[in-house]
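Each reported figure results from applying straightforward, stated rules to the coordinates on display, with no laboratory input. Values in this document were obtained by computation on a predicted structure and should not be read as measured data. Note that we place each Cβ from the backbone using ideal geometry, even for glycine, and neighbour counts take in every protein chain shown.
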Amino acid sequence: MTKTVLLGAILAAVFTVMMFASPMADAITGLLDTEVKDNKNTYQKITFSLAGDVVTDGSDFGGYAIFTEGGDVIAVTSHMGAYDSAGQQFDDPAITFALCSPEQLGAGLCGPEWHSHLVKPVANSLCQIASVGALTFEEPSATVVANQDNIKVVNVKKGTNSFTESVTGTATDFTAGNSAVVPNPVTGVGVGVPFDLTPVFDDDVLQAICIGPENTEPPEPPGF
C-alpha cells in the first residue's frame, strides 16, 4: 500500500469517526502531569494524570503520549468509529483495520476503549506538529488502566520489535526508545503530551488528520 493510500485510509477513518461518533468530540481532557517509571529494558509504568476524570464514553477524540529517544512515540488513545487496535472490540479477528457503520457502533464494536500504540508521526505542512502515520495494531503495553483521573500504560518493552501495522496489515518494525524525551519537543515542558486529532478540509475534502492543531499559517513562497 502506498503512502498516499495509507494516508487516505486513515483520513477516511477519521471522517467516519466524525460522522458516526456521538456526541461530537471536544478537546481532550487536560494533562496535569506525567510520570515515567522505567529500567534498562522496560517502561514499567507511564502514568498520565488528568485535569478531570477520564472520559470513557467516546466523546474525547485524542489521547496522551511520550516521545522516546531514538524511537517512536508511545501513545494511549480513545476514539469511536474506527477499529485499529487489538485492544478494541470487533467481529472479525482476521481484520486489523476497519471503518465502522452506525450498526456496528450500536452493537458495541469499534468503541472508545482506551488502548496503546507505538506511532510514527509524519511531517505535514498542513499540521503544526505532525499527521498520523504508521501505528501498531497489537498494543505495545501489557495493559492500559483508566481509573478516575489517571491513565496508566503498563509494561512497554524497549527496543525494536515487529508489529502488525494496523492500516496495511503488514509486519513493520517499531521502536520504543531507551528513554523518554524531557522536555517533550511539542510543548517544551515536562515529558507527557496531550493531543487532539484535528481533521483538515479543503472545500469539504479531507486533506489530513493532524496530531494536534492545524497549521493556519500560509506557506512561504518559493525562495524564502
*For the range 47-98: rounded, prolate or oblate by the Cα gyration tensor [a/c cutoff 1.5]*: oblate
*Classify the range 89-166 as rounded, prolate or oblate, taking a ≥ b ≥ c as the square roots of the eigenvalues of its Cα gyration tensor: rounded when a/c is under 1.5, otherwise prolate if a/b is larger than b/c and oblate if not.*
rounded
*Classify the range 60-197 as rounded, prolate or oblate, taking a ≥ b ≥ c as the square roots of the eigenvalues of its Cα gyration tensor: rounded when a/c is under 1.5, otherwise prolate if a/b is larger than b/c and oblate if not.*
prolate
*Summing Lys, Arg as +1 and Asp, Glu as -1, what charge do residues with Cβ under 11 Å from the Cβ of H117 carry, H117 excluded?*
-4
*Pull up all non-local amide H partners of D33: gap of 5 or more, or a different chain, and H-to-H distance under 5 Å with H placed in the peptide plane.*
S49
*Amide H neighbours of N178 under 5 Å, at least 5 residues apart or on other chains, H built in the peptide plane: list them.*
E69
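Which value, in nm² and rounded to one decimal, describes the direction-averaged projected area of the C-alpha convex hull of the range 177-217?
Numbers: hull surface 15.9 nm².
Answer in nm², one decimal: 4.0.
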*Could you give me the ³J(HN,Hα) list for the range 99-113, computed from phi with Karplus coefficients 6.51, -1.76, 1.60 and θ = phi - 60°, whole Hz, x at Gly and Pro?*
8, 10, 7, x, 5, 5, 4, x, 8, x, 8, 6, x, x, 3
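What order do you get for 48-57, 107-116 when each peptide is scored by the mean count of other beta carbon atoms within 10 Å, highest first? Spell out each step's value before the answer.
On the way: 48-57: 15.5, 107-116: 19.5.
In descending order of packing, they fall as 107-116, 48-57.
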*Distant-in-sequence amide H partners of Q207 (H built 1.01 Å from N, under 5 Å)*: V200, F201, D202
*Which of the lysines could a cross-linker span from K45 if the Cα-Cα distance has to be under 25 Å and same-chain partners fewer than 8 positions apart are dropped?*
K37, K120, K152, K157, K158
*asked:* Between D203 and D33, what is 0.36 nm times their sequence separation minus the Cα-Cα distance? Round to one decimal in nm.
replied: 57.3 nm
*Report the charge-dipole magnitude of the range 96-224 in Debye, nearest 20, computed about the Cα centre from +1 at each Lys and Arg Cβ and -1 at each Asp and Glu Cβ.*
700 debye
